[in-house]
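Mind looking over this structure? Questions follow.
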Amino acid sequence: VMQKDNKSFLYLAITKEDFPRPILIRGKELDEKSPKEFKAIFGPYTSSKSLRAALDLLRKVFPWSDCVPGQKRPCFYVHLKQCPGVCINAVPKKEYQKIIRDLIKVFEGKKDTLIKKYKREMKKASDEERYEDAASLRNKVFFLEHIQDVAVMKSDDKDVDKIKLGEVSVNLFGRIEGY
């Protein structure tokens, strides 16, 4: 009874476009659409805040685009290096497809295969003296090796947000990450 809020569970769907986008979609909307419209569907997820926070964390390593290609100016995420530049046609279709494929592998739980792939590519880039590419791949490997499971929790209960230690009240920030 407490979980009833007339909302269905949330799913993460990867669109089937030239430049696929991860979108969040409710179960009711998903039932109305054909599964053939999507490259992959993950879920159900109970907390939209947790899913959004996890996607924000992953976007720093696997930048994807929410934009429509062919715009005159780059989107805000291009400047943050969280979008490869689909909006201004700065990334080839094949390269962007690789980013989305790697993102899908993370959600499928195939983290180990990605780590092996990135280590091979890092070694190759280092041998070819492309050190910036090697450093980027090293950072991806570090991220994937150290992230075990991310659980971002936000509580509506004010008593849970704070722990009272004698006279001192400690805020837990409502965020728990497991590494």
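The values are calculated or read from the model by the stated rules, or taken from the named source; none is laboratory data. The structure displayed is predicted, hence computed values, not measured ones. Every residue, glycine as well, gets a Cβ built from its backbone with ideal geometry; the counts of neighbours run over all protein chains shown. The accessibility values were calculated without ligands, DNA or RNA, using every heavy atom of the protein model including side chains. Shrake-Rupley method; radii C 1.70, N 1.55, O 1.52, S 1.80 Å.
May I ask you to list the residues in segment 77-136 that are small (Gly, Ala, Ser) and either under 14 Å from Val61 (Cβ atoms) or open to solvent by less than 30 Å² (accessible area, probe 1.4 Å) (or both)?
Gly85, Ala125, Ala134, Ala135, Ser136
Follow-up. Any residue at all in segment 16-23 that is aliphatic (A, V, I, L, M), in contact (Cβ under 8 Å) with a residue 12 or more places away in the chain and farther than 11 Å from Leu103 by Cβ?
Within segment 16-23, not a single residue is aliphatic (A, V, I, L, M), in contact (Cβ under 8 Å) with a residue 12 or more places away in the chain and farther than 11 Å from Leu103 by Cβ.
Quick one: would you say Ala53 is under 24 Å from Ser8 (Cα atoms), at pLDDT 90 or above, under 17 Å from the mean Cα position of the chain (by Cα) and small (Gly, Ala, Ser)?
Working: under 24 Å from Ser8 (Cα atoms): yes; at pLDDT 90 or above: no; under 17 Å from the mean Cα position of the chain (by Cα): yes; small (Gly, Ala, Ser): yes.
Against the criterion (under 24 Å from Ser8 (Cα atoms), at pLDDT 90 or above, under 17 Å from the mean Cα position of the chain (by Cα) and small (Gly, Ala, Ser)), Ala53 does not qualify.
Please go through segment 129-143 and give me each residue that is part of a helix (DSSP H, G or I) and over 18 Å from the mean Cα position of the chain (by Cα), ordered by number.
Selection gives Tyr131, Glu132, Asp133, Ala134, Ala135, Arg138.
Considering each of Leu58, Leu24 in turn, give the residue that is under 16 Å from the mean Cα position of the chain (by Cα) and open to solvent by less than 50 Å² (accessible area, probe 1.4 Å).
Exactly one of Leu58, Leu24 is under 16 Å from the mean Cα position of the chain (by Cα) and open to solvent by less than 50 Å² (accessible area, probe 1.4 Å), namely Leu58.
Name the single residue, out of those in segment 35-55 being closer than 14 Å to Ile25 by Cα and hydroxyl-bearing (Ser, Thr, Tyr), that is most open to solvent (accessible area, probe 1.4 Å).
Out of the qualifying residues, it is Thr46.
Wholly within segment 26-128, which helices (runs of 4 or more DSSP H) include no fewer than the required count, namely at least 1 residues that are basic (Lys, Arg)?
Because the criterion is at least 1 residues that are basic (Lys, Arg), the helices (runs of 4 or more DSSP H) in segment 26-128 that meet it are 27-32, 48-59, 93-108, 111-127.
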